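**Q** Here it is, the structure in full.
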Amino acid sequence: MILASTRRAAPPVTFKEALLRGLAPDGGLYLPIAIPPVGRERLASWRGLPIGEVAVRVLSHLVGDEFDPGTLERLTRDAFDFPAPTVPIADGLSVLELFHGPTLAFKDFGARFLARVFGSLLTEKEGLATILVATSGDTGSAVAQAFHGVAGVRVVVLYPAGKVSPFQEAQMATLGGNVTAIRVPGTFDDCQRLVKEAFQDEGLSGLGLSSANSINIGRLLPQSVYYVASWLAAGGDEAGGLVFAVPSGNLGNLTAGVIAQRLGVPVGRFVAATNLNAVLPDYLQTGTYRARPAQPTLSNAMDVGDPSNFPRLSQIHAEALDALRANVAGIAVSERETRRTIREVYGESGYLLDPHSAVGVAAARRARTEMGEHRPIISLATAHPAKFGDVIREELGFDPDLPEAWRDWRARKVTAMDLPGVSYPSFRASLFDTAR
């Protein structure tokens, strides 16, 4: 696989090079120049396999020529060692549960694969690296947990103070060791800006900077796996294809779905479900991309006002607005509708949705009523409801059960550094402080 920068001003690179660099030298995001399709018969032959084996086949198809087969298979199986079941909740509507990993969120899939491959490559090179990651919630915890204890890697996680849930903070800011968490007195977009400025800072070249957000192609590609696995589990319907409703913030999950579609999964359409930060729905409606300050919502991991993956999503569709509109519908969901969906789905089926997953289901239901969508819809359930127990308590009157491994989270000591402001010089100084 050869990848090029979305800004088209950096030389093409291999997958390994793109993974280690994270961001291209010109500030763009790496995107495959071509996505080789998997034949439909070959895809269908994977039906019945567990997700770990589907992952081995998908990722070997995409990047296997750069790795020793045994090594890639071992790393992939280790990363994809938990299930992703598709659960019906209404007639023609199912949820794809992506929250059965270590941090109870969909980002465990990509983060675990990235950490394992990154660690393996560093061992080969006898190198050191600093992973910078900006998070609006779940990315930071998934990356911190995935890289915790990986030799040769230091992890620095930036998150907006007061804008992640206490549980999310406990998952990423209590580990210590090679993981440093930094609270930023601003928004996710401030965190993301600081990370991008660091990547452009030649004076930091000695730190071996790389990324673990969905801007890193090594985290994005493995997310395509669960779309393939879900289609296979659904029976591989090819009559018009499935529709996937995707809770969307930084647009990495949606972009991974489109990559799966290009691999050959017959997706009829995607529904990009956003909260009040409706950058993509507004673009699809008006044809004008307008970044804006992020608004805080219940679905905080989707509070993104300038999604990094928009250039990838656009370029996969040849930067043709009509092609994007034909493949992706954008629906923005209000806070009131999010809460109502949590209540209604639980009342109708007994199924618990976290706020992010509720945004996806709300958009899926509106695709039926407002757009006349009649095909089967799979909505991605991106986080365990217990991660947002306060919202569940407010709407349903009880606390959802946490898995045993996290029941002591309130007792874990948060050790985050507090950045004094959102200026780049203060962040730059903190990078050197944490390196000592």
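Residues checked against (1) among the β-branched types (Val, Ile, Thr); (2) within 19 Å of the chain's Cα centre (by Cα); (3) open to solvent by less than 10 Å² (accessible area, probe 1.4 Å); (4) under 25 Å from residue 131 (Cβ atoms):
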residue: 209; (1), (2), (3), (4): no, no, no, yes
residue: 212; (1), (2), (3), (4): no, yes, yes, yes
residue: 222; (1), (2), (3), (4): no, yes, yes, yes
residue: 246; (1), (2), (3), (4): yes, yes, yes, no
residue: 258; (1), (2), (3), (4): yes, yes, yes, no
residue: 283; (1), (2), (3), (4): no, no, no, no
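**Q** Out of the residues in the stretch 4-23 that are among the hydrophobic types (A, V, I, L, M, F, W, C) and within 18 Å of residue 209 (Cβ to Cβ), state the one that is most open to solvent (accessible area, probe 1.4 Å). Even if it seems obvious, please write down each step before you answer.
**A** As a first pass, look at the stretch 4-23 and keep what is among the hydrophobic types (A, V, I, L, M, F, W, C): 4, 9-10, 13, 15, 18-20, 23.
Filter once more, so that each one left must be within 18 Å of residue 209 (Cβ to Cβ): 10, 13, 18-20, 23.
Working: 10: 18, 13: 7, 18: 0, 19: 0, 20: 43, 23: 13 Å².
The selected residue is 20.
**Q** Separate question: What is the one condition in (1) open to solvent by less than 40 Å² (accessible area, probe 1.4 Å); (2) without any contact (Cβ under 8 Å) to a residue 40 or more places away in the chain; (3) not in a loop (DSSP other than H, G, I, E, B) that residue 26 does not satisfy?
**A** (3)
**Q** Output the number of the condition that residue 419 fails; it satisfies all remaining conditions of (1) crowded, with 19+ Cβ neighbours inside 10 Å; (2) touching a Leu at 6+ places or on another chain (Cβ under 7 Å).
**A** Result: residue 419 fails condition (2) only.
**Q** Among the residues of the stretch 362-414, what is the count of those that are touching a residue at least 12 places away in the same chain (Cβ under 8 Å), of a type in the set (Gly, Ala, Ser) and either closer than 28 Å to residue 254 by Cβ or in contact with a Phe, Trp or Tyr (Cβ under 7 Å, 6 or more places away or on another chain) (or both)?
**A** Looking only at that region, the number is 9.
**Q** Separate question: Out of everything in the stretch 287-331 that is assigned to a loop (DSSP other than H, G, I, E, B) and of a type in the set (D, E, K, R), what residue ends up being least open to solvent (accessible area, probe 1.4 Å)? Before the answer, list the steps.
**A** Taking the stretch 287-331 as the starting set, the residues that turn out to be assigned to a loop (DSSP other than H, G, I, E, B) are 287-299, 303-309, 317-320.
Okay, now just the ones that are also of a type in the set (D, E, K, R), so 290, 292, 303, 306, 319.
Numbers: 290: 130, 292: 37, 303: 15, 306: 68, 319: 105 Å².
For the stretch 287-331, the residue satisfying everything is 303.
**Q** Out of the residues in the stretch 29-40 meeting the condition of being of a type outside the set (Ser, Thr, Tyr) and surrounded by 16 or more Cβ atoms within 10 Å (Cβ to Cβ), tell me which one is nearest to residue 259 (Cα to Cα). Quick ask: steps written out before the conclusion?
**A** We begin by selecting, within the stretch 29-40, every residue of a type outside the set (Ser, Thr, Tyr); these are 29, 31-40.
Filter again for surrounded by 16 or more Cβ atoms within 10 Å (Cβ to Cβ), leaving 29, 31-32, 35, 38.
Values: 29: 15, 31: 10, 32: 10, 35: 7, 38: 12 Å.
Among them, the one singled out is 35.
**Q** Is there a residue in the stretch 374-395 that is out of contact with any Ser or Thr (no Cβ under 9 Å at 6 or more places or on another chain), open to solvent by 60 Å² or more (accessible area, probe 1.4 Å), over 24 Å from residue 141 (Cα atoms) and modelled with pLDDT under 95?
**A** Among the residues of the stretch 374-395, at least one is out of contact with any Ser or Thr (no Cβ under 9 Å at 6 or more places or on another chain), open to solvent by 60 Å² or more (accessible area, probe 1.4 Å), over 24 Å from residue 141 (Cα atoms) and modelled with pLDDT under 95, which makes the answer yes.
**Q** A further question on this structure: Identify all residues within the stretch 136-172 that are assigned to a loop (DSSP other than H, G, I, E, B) and under 18 Å from residue 110 (Cβ atoms); write none if there are none.
**A** Restricting attention to the stretch 136-172, the residues satisfying the condition of being assigned to a loop (DSSP other than H, G, I, E, B) are 136-137, 148-152, 161-165.
Within the stretch 136-172, 136, 137, 148, 150 meet the criteria.
**Q** In the stretch 173-199, what residues are among the β-branched types (Val, Ile, Thr) and either touching a residue at least 40 places away in the same chain (Cβ under 8 Å) or assigned to a loop (DSSP other than H, G, I, E, B) (or both)? Reasoning before the result, please.
**A** To start, the set of residues in the stretch 173-199 that are among the β-branched types (Val, Ile, Thr) comprises 174, 179-180, 182, 184, 187, 195.
Passing the criteria: 174, 180, 182, 184, 187, 195.
**Q** Considering (1) under 18 Å from the mean Cα position of the chain (by Cα); (2) closer than 24 Å to residue 210 by Cβ, say which one residue 65 fails and leave the rest.
**A** (1)
**Q** Another question, if that's okay. Could you list all residues from the stretch 62-103 that are buried (at least 16 other Cβ atoms within 10 Å of the Cβ), of a type in the set (Gly, Ala, Ser) and closer than 26 Å to residue 245 by Cβ?
**A** Hits for the stretch 62-103 are 79, 84, 90, 94, 101.
**Q** Give just the number: which of (1) within 30 Å of residue 199 (Cβ to Cβ); (2) open to solvent by less than 20 Å² (accessible area, probe 1.4 Å); (3) not in a helix (DSSP H, G or I); (4) not aliphatic (A, V, I, L, M) does residue 356 not satisfy?
**A** Of everything listed in (1) within 30 Å of residue 199 (Cβ to Cβ); (2) open to solvent by less than 20 Å² (accessible area, probe 1.4 Å); (3) not in a helix (DSSP H, G or I); (4) not aliphatic (A, V, I, L, M), residue 356 misses just condition (3).
**Q** Of the residues 59, 43, which single one is buried (at least 18 other Cβ atoms within 10 Å of the Cβ) and over 22 Å from the mean Cα position of the chain (by Cα)?
**A** Numbers: 59 fails: over 22 Å from the mean Cα position of the chain (by Cα).
So the residue among 59, 43 that is buried (at least 18 other Cβ atoms within 10 Å of the Cβ) and over 22 Å from the mean Cα position of the chain (by Cα) is 43.
The values are calculated or read from the model by the stated rules, or taken from the named source; none is laboratory data. Fair warning: this is a prediction, and the values are worked out from it, not measured in the lab. Note that each Cβ is placed from the backbone with ideal geometry, even for glycine, and that neighbours are counted across all protein chains shown. All accessible areas refer to the heavy atoms of the entire protein, side chains included, with ligands and DNA or RNA removed. Shrake-Rupley method; radii C 1.70, N 1.55, O 1.52, S 1.80 Å.
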